[in-house]
1. Would you tell me the accessible area of Ile11, worked out with a 1.4 angstrom probe on the heavy atoms of the protein chains, in Å² to the nearest 10?
2. If one computes P(r) from the Cα atoms of region 83-144, what percent of pairs lie at distances over 16 Å?
3. Go through 56-63, 97-104, 83-90 and give me the packing order, highest mean Cβ count within 10 Å leading.
Amino acid sequence: MAHRRKPMSEINVVPYIDVMLVLLVIFMATAPLLTQGVVVNLPQAPSEPIKDTNDDPLVVSMREDGAIFMNLGMQDAEDEGTRVTVFSLRDQAGKILRARSDVPVYIKADHSLDYGEVVKVMTVLQKAGAKSVGLITDPPQIES
């Protein structure tokens with residue numbers, strides 16, 4: 001009489017752990033490469049910190065070369081957001097402002113940028129429906 005073996009009912013999880021560890025290493029290696037930001041040299045001006053209860057403002061960043069980026073939220077200051085042109089800014093900001101009319105709007109412009117370019121973006125944002133537009137600056141460095 002042949003002796004029958006009982007079927008094994010356990011799952012071998014070792015290959016799954018190996019795959020998980022490989023994925024973990026891949027994500028750890030690529031995560032620093034994904035963090036990009038718009039390098040903006042902000043003007044320095046004495047101003048009070050923004051007292052805002054809304055955690056998700058609309059931030060328009062303007063780089064030194066004139067490139068414009070739109071980002072909804074300031075949680076990750078290094079996140080550059082979506083690159084837009086002056087022409088598409090009105091449509092894209094208008095969509096956000098129609099959905100949330102109370103969203104605060106801020107411009108973060110490089111200090112070497114022409115003042116006329118900043119005013120042009122402010123005008124486009126106001127035409128898109130922004131009630132007010134704030135400017136983000138760095139606090140001045142006190143030299144001792």
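1. In the full protein context, Ile11 sits at about 130 Å².
2. Working: 922 of 1891 pairs.
Tail fraction, whole percent: 49.
3. 56-63, 83-90, 97-104
The values are calculated or read from the model by the stated rules, or taken from the named source; none is laboratory data. Being a predicted model, the structure only gives us computed values, none of them experimental. Cβ coordinates were reconstructed from backbone atoms using ideal geometry, including for glycine residues, and neighbour counts include every protein chain displayed. Side chains are part of the model used for accessible areas, which takes the heavy atoms of the whole protein and leaves out ligands, DNA and RNA. Shrake-Rupley method; radii C 1.70, N 1.55, O 1.52, S 1.80 Å.
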